[in-house]
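The values are calculated or read from the model by the stated rules, or taken from the named source; none is laboratory data. Keep in mind the model is a prediction, meaning the values are calculated, not measured. Here the Cβ positions follow ideal geometry from the backbone for every residue, glycine too, while neighbour counts run over all protein chains shown. Accessible surface is based on the protein model in full, side chains and every heavy atom, while ligands, DNA and RNA are left aside. Shrake-Rupley method; radii C 1.70, N 1.55, O 1.52, S 1.80 Å.
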Amino acid sequence: MKIAIAQINATVGDLAGNVARIAEFAARARREGADLLVTPELVLCGYPPEDLLLREDFLVACDRALADLAARTDSVTLVVGHPRADGGKRFNSASVIQNGQVLGVYDKQRLPNYTVFDEERYFEPGGTPCVFGVDGVSFGVNICEDTWGAQGPVTARSRGEERVGINICADSWNATAPRAARAAGANVLLVLNASPYHMDKQRVRYDVMRERVAENGMALVYANLVGGQDELVFDGGSFVLNREGVVTHQLPLFEEALGMVSLTDSDPQPGLIAPPVSQDAEIYGALITGVHDYINKNGFPGALIGLSGGIDSALTLAIAVDALGADRVRAVMMPSQYTAGMSLEDARAEADALKVRYTEIPIKPIFDAFLKTLSGEFKGLAADATEENLQSRIRGTLLMAMSNKTGALVLTTGNKSEMGTGYATLYGDMAGGFAVLKDINKQLVYRLARHRNGISRVIPQRVIERAPSAELRPDQTDQDSLPPYPVLDAIMEAYVEGDVSPRQIIEHGYARTDVERVVRLVRGSEYKRRQSPVGIRITARGFGKDWRFPITNKFRHQFE
């Protein structure tokens, strides 16, 4: 028999669109000889639907959509993920549909409530296995977290060095759901997933799923969602393991795909395996997917970027063009009296290389007018960061005005190193609708720029090699205000992504002055981050759903 895996890009709340997409995949699967089609977790409504699940009318609409899907897919057995309500409780479910009828329902047993997951807020756990037969093969159904068993710490790696230990599960537990399916007679385990991307995630999935195969002796089909949803990106990468834990099929990353799997004696036979890609290519693909889906799923006509001649805006521009096409991206350079001539030259070169519409709007006249207006208030006070921030806020105002007029969404260009330390101006360079590099530290920005230039040279080499600067005062560089980026990024990775205490970071060899400074900046910038636009998550912990620290906070770390 043949199983088809539908790696689908669902849109949260677009029930009619999602039903049509699933039905299209079912028709394709049947034409290619499939007897069974497996879809991702909650594909009917999109993941995560968040507080839509608290609305009765949403759940009723999901039930209607499921009935519509059943009526349209009677030629193939379908396993589809959807929410459902029963007896005043809500469940994260999967229904088995045969001949237009719901043959059985499985409710997710293990509800994740860590990092970006908040399922205990919405769902009740199930407790009953679901096993069904197709052409003499017995299939068991699990949903995502059901198969994630007791795990040790997973090491987060940066630049090839071990930094911190991060637990991928909230606690340790035994993966009882796969065993229950096996005990109920299943020969093959179907796992529906909405597993969001972060670096090294696919390796972790392989390791965990191989443990389940070894424990239960069943082949495993892992169907994962693909596409962007606000800050989350789902990478797809659906795969199949045979009873020995060998990968027999691997679908591509960051694109919709239909995978066909042939079974012999309940064991998958070797099939297509998408070629592996480098980590930099993987991350770049996640950023392209995040920008593409955020812009398109929310109906924006295009993107608008403030180009500075620096590395961050250059990378953001390249990502936007790769995601949307040059005709939907506009770049604006807003030089001041502190803007270096090379910055103007490089910005023009970037726009020309990527073939985008490019405009220059000098801000010195506006800046001078602001200073004149404020001269009475500032009388007798020395110039400081106020004047620097004013330039940034002028630029933010101009970009937002152009956004209002055209409908294009402003993409901010700040990176994780800046967002972490507050090296950004509220209502200035933080003004915009989507933060492309919000979870990309400065070291990784340079890596990704080199990766993109390896495809085609669109970022001038001088931009990659010169010292980064905000160019808000004469002879300014970032390192005037921050520790060197290799030091800053390493400390932030440990403190932010790994919850490592400052004292432990110092014990790992970092200077106490640097650690104290970075921790102080991270703590003092929380009010800024809370007002920053949503941005793409690519690490195990970004400044979004999985970072929830109070703004008003008197706790102080012990450094000794």
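Determine the sum of side-chain charges near G17: Lys and Arg each +1, Asp and Glu each -1, restricted to other residues whose C-beta is under 11 angstrom from that of G17. Walk me through the numbers on the way to the answer.
Numbers: positive: R21, K297; negative: D14, E24.
Taking every Cβ under 11 Å from that of G17, the sum is 0.
With Cα atoms defining each centre, segment 14-43 and segment 230-305 are spaced 16 Å apart in the structure.
Just the accessible area per residue of segment 389-455, please: how many Å² with a 1.4 Å probe?
Working: 2100 Å² over 67 residues.
In whole numbers, segment 389-455 has 31 Å² accessible per residue.
Could you tell me which of rounded, prolate or oblate describes segment 283-348, using a ≥ b ≥ c as the square roots of the eigenvalues of the alpha-carbon gyration tensor, with rounded for a/c under 1.5 and, failing that, prolate when a/b is larger than b/c and oblate otherwise?
Values: a/c = 2.99, a/b = 2.01, b/c = 1.48.
In terms of gyration-tensor shape, prolate.
Are there any helices in the chain, counted as whole DSSP H runs, that stretch 30 Å or more along their axis by Cα and score at least -1.0 on average by Kyte-Doolittle, and if so which? What comes out of the filter, once short or polar helices are dropped, is 385-406.
Residues in segment 543-558 carry Karplus couplings, in order, of 8, x, 4, 9, 10, 10, 9, x, 6, 7, 7, 9, 5, 10, 6, 8 Hz; the curve used is 6.51 cos²θ - 1.76 cosθ + 1.60 with θ = phi - 60°, and Gly or Pro positions show x. Residues in segment 286-351 average 28 Å² of solvent-accessible surface per residue, probe 1.4 Å, ligands and nucleic acids excluded. Working note: Karplus 6.51/-1.76/1.60 with θ = phi - 60° gives segment 379-384 the couplings 4, x, 9, 6, 5, 8 Hz, where Gly and Pro are set to x.
The alpha-carbon of K364 sits under 28 angstrom from the alpha-carbons of these lysines, leaving out residues fewer than 8 places away in its chain: K355, K372, K379, K405, K528.
With one equal scatterer per alpha carbon and no solvent term, the Debye-computed log10 I(q)/I(0) for segment 323-450 at 0.12, 0.15, 0.16 1/Å reads -0.54, -0.85, -0.96.
Carbon and sulfur: what percent of the chain's accessible surface (1.4 Å probe)? Could the numbers behind the result be given before it?
Working: 11270 of 22600 Å².
Whole-percent figure for carbon plus sulfur exposure: 50.
Put a dot 7 Å past each Cα toward the Cβ at N404 and A85; how far apart are the dots in nm? Going from the A85 label point to the N404 one covers 4.0 nm.
Once you list every other residue whose beta carbon is under 11 Å from the beta carbon of P276, what net charge do they have if Lys and Arg are +1 and Asp and Glu are -1?
Working: positive: R203; negative: E282.
Here the charged neighbours net out to 0.
Separation of the alpha carbons by more than 23 angstrom is noted, of K438/K545; K297/K545; K416/K545; K108/K297, for K108/K297. Under 5 Å from the amide H of T539 lie the amide H atoms of M199, each residue being 5 or more positions distant or on a separate chain, with H modelled from the backbone and absent for Pro and chain starts.
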